[in-house]
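Below is one structure, written out as structure tokens, with a few remarks after it.
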């Protein structure tokens, strides 16, 4: 009984751990996506500034190249996080299926135990009823 409960507890811990890892990856993806949008905003602002300044027009191409490089790096990071999240999601599904297998087995064993206890109680009640019936039959034969 204790080993079954320990197995279930262990698998619940594994599922929770994988969920935390998946949440971390989702947070990372959201952070990278925000950085990407911030980079876009910064690029648009720099374009506006460059349009109003001669020095800005000269500096803008190197700025734009660096922003494009950063955007590519961020996109690669996002792609990597998404691949890892996909793998972790598969691991979560497998861990959840394993947990359910142990929980269902525990429920089945508990149900079998309940049925066995009910059968034993009913057998005892039947024995008591039979004894009472026999005593009553003996008493009626003595009285007669």
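Values as computed for the structure displayed
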item: Extension gain from residue 16 to residue 79, taking 0.36 nm per residue of separation minus the Cα-Cα distance; result: 20.2 nm
item: Where the Cα pairs of the chain fall when distances are cut into 10 Å bins, in %; result: 10, 18, 14, 12, 11, 9, 8, 6, 4, 3, 2, 1, 0
item: Residue with peak Gaussian network fluctuation, the chain [Cα springs, cutoff 10 Å], from 66, 86, 24; result: 66
item: Segment 23-53 residues near the modelled residue 70 label - backbone nitrogen below 14 Å, point 7 Å along Cα→Cβ; result: 32-47
item: Spacing of the two label points (7 Å from each Cα toward its C-beta) at residue 33 and residue 96, in nm; result: 2.0
item: Percent RCO, i.e. relative contact order, over the chain, from Cα pairs under 8 Å lying at least 6 residues apart; result: 39
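Where a number appears in this text, it was derived from the coordinates with a stated rule and is not lab data. Here the structure is a predicted model, which is why all the values come from computation and not from measurement. Cβ sites come from the backbone with ideal geometry, for glycine too, and all protein chains shown count toward neighbours.
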